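Worksheet for the structure shown next.
The values are calculated or read from the model by the stated rules, or taken from the named source; none is laboratory data. Not measured: the values here are computed from a predicted model. We place every Cβ from the backbone using ideal geometry, glycine too, and count neighbours over all the protein chains shown.
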Amino acid sequence: MITPEQVTSRLNKEIRAVVRPLGFVGSRGSWTVITSDGVAQIGIGRSVMRAVGGGTIFVTVGISMVPIAWWEYVNWRAARWGQPAIALDEGATSFSIGFVETRQRPKDSFYHLKFDPDRYPAAMTTAEELEHAAALLVNAAGILARTALDLLRPGAYLKALRRIPDFGGAMWEPLVVLLAEDGPSAALDTAIEDMRAEYADYGFGAPEMEVEYVRMRAAAVSGGVGS
């Protein structure tokens, strides 16, 4: 019989062995890379899901990304709102963008380990289920770790964000922030106007703060001056 805690312990050990050689450090289901380009984190989540006559131990592995340009923006925004500064550390992933990460996940990045019917209603699974889940999730963790490192490269997150088929809504904010890193441009102007129009359509407040920042940042980049 395998408890939820044993599931997590096994996966932590095996995923750590895969992601540490790629530069991720951490423990207890969360590993982080911090570079001058931003922060990337890979983590494990676990929950017990019960149903009539059975249930599963649901385990998922995923990534969180904070490109340096986004980190600079959320710090500017925090100062504007009178909030504490956000350190460039593992805690910065609380402010991750999220839109690309959730769409670039391998299909085996989550798994439902079925309860052991001989132990029901106890939330326990079988050794066979754990072996199968570990094989899938550890492989997915390796793929996700490499994806995270790729997305940290300058401009990579922006390119991935622009390729999202159902782009829109709250995605405009990170898009214009990342576009501003290239300085003033027709693409930035168009994105700002499209953002204004879509915010109005959705009933969002006018994005004046966002526009103020990206105009300021684009001008600073163009002038060779840091924000």
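Take the conditions within 20 Å of the chain's Cα centre (by Cα) and surrounded by fewer than 17 Cβ atoms within 10 Å (Cβ to Cβ) and apply them to SER109. Does it pass? When the stated conditions are applied, SER109 does not pass them.
If you go through the stretch 45-70 and keep only what is under 18 Å from PHE99 (Cα atoms) and crowded, with 19+ Cβ neighbours inside 10 Å, you end up with VAL61, GLY62, ILE63, SER64, MET65, VAL66, PRO67, ALA69, TRP70.
Against the definition (farther than 24 Å from VAL33 by Cα, in contact (Cβ under 8 Å) with a residue 12 or more places away in the chain and not assigned by TED's automatic domain parsing to the domain that holds MET209), how does TYR111 come out, yes or no? Step through it out loud before you land on a result.
Working: farther than 24 Å from VAL33 by Cα: yes; in contact (Cβ under 8 Å) with a residue 12 or more places away in the chain: yes; not assigned by TED's automatic domain parsing to the domain that holds MET209: yes.
Yes: the conditions hold for TYR111.
Going through LEU144, LEU152 one at a time, which residue ends up being touching a residue at least 60 places away in the same chain (Cβ under 8 Å) and touching an Asp or Glu at 6+ places or on another chain (Cβ under 6 Å)?
Values: LEU144 fails: touching an Asp or Glu at 6+ places or on another chain (Cβ under 6 Å).
It is LEU152.
Within the stretch 155-227, considering only helices (runs of 4 or more DSSP H) that don't extend past its boundaries, which have at least 2 residues that are touching a residue at least 40 places away in the same chain (Cβ under 8 Å) and hydrophobic (A, V, I, L, M, F, W, C)? Of the helices (runs of 4 or more DSSP H) lying wholly inside the stretch 155-227, those with at least 2 residues that are touching a residue at least 40 places away in the same chain (Cβ under 8 Å) and hydrophobic (A, V, I, L, M, F, W, C) span 156-162, 172-179, 208-222.
The rows are residues; the columns are (1) touching a strand residue (DSSP E or B) at 6+ places or on another chain (Cβ under 9 Å); (2) of a type outside the set (Val, Ile, Thr); (3) in contact (Cβ under 8 Å) with a residue 40 or more places away in the chain.
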{"residue": "PRO4", "(1), (2), (3)": "yes, yes, yes"}
{"residue": "ARG16", "(1), (2), (3)": "yes, yes, no"}
{"residue": "SER36", "(1), (2), (3)": "no, yes, no"}
{"residue": "SER64", "(1), (2), (3)": "yes, yes, no"}
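Yes or no: the stretch 114-127 includes at least one residue that is modelled with pLDDT of 95 or more and either crowded, with 19+ Cβ neighbours inside 10 Å or in contact with a Pro (Cβ under 9 Å, 6 or more places away or on another chain) (or both). No: the stretch 114-127 contains no residue that is modelled with pLDDT of 95 or more and either crowded, with 19+ Cβ neighbours inside 10 Å or in contact with a Pro (Cβ under 9 Å, 6 or more places away or on another chain) (or both).
Note on the stretch 46-93: residues that are more than 16 Å from LEU178 (Cβ to Cβ), of a type outside the set (Val, Ile, Thr) and touching a Lys or Arg at 6+ places or on another chain (Cβ under 9 Å) amount to 5.
Summed over the stretch 18-33, the residues that are hydrophobic (A, V, I, L, M, F, W, C) and out of contact with any strand residue (DSSP E or B) (no Cβ under 8 Å at 6 or more places or on another chain) give a count of 1.
Number of residues in the stretch 1-23 that are out of contact with any helix residue (DSSP H, G or I) (no Cβ under 6 Å at 6 or more places or on another chain) and within 23 Å of ASP89 (Cβ to Cβ): the value is 5.
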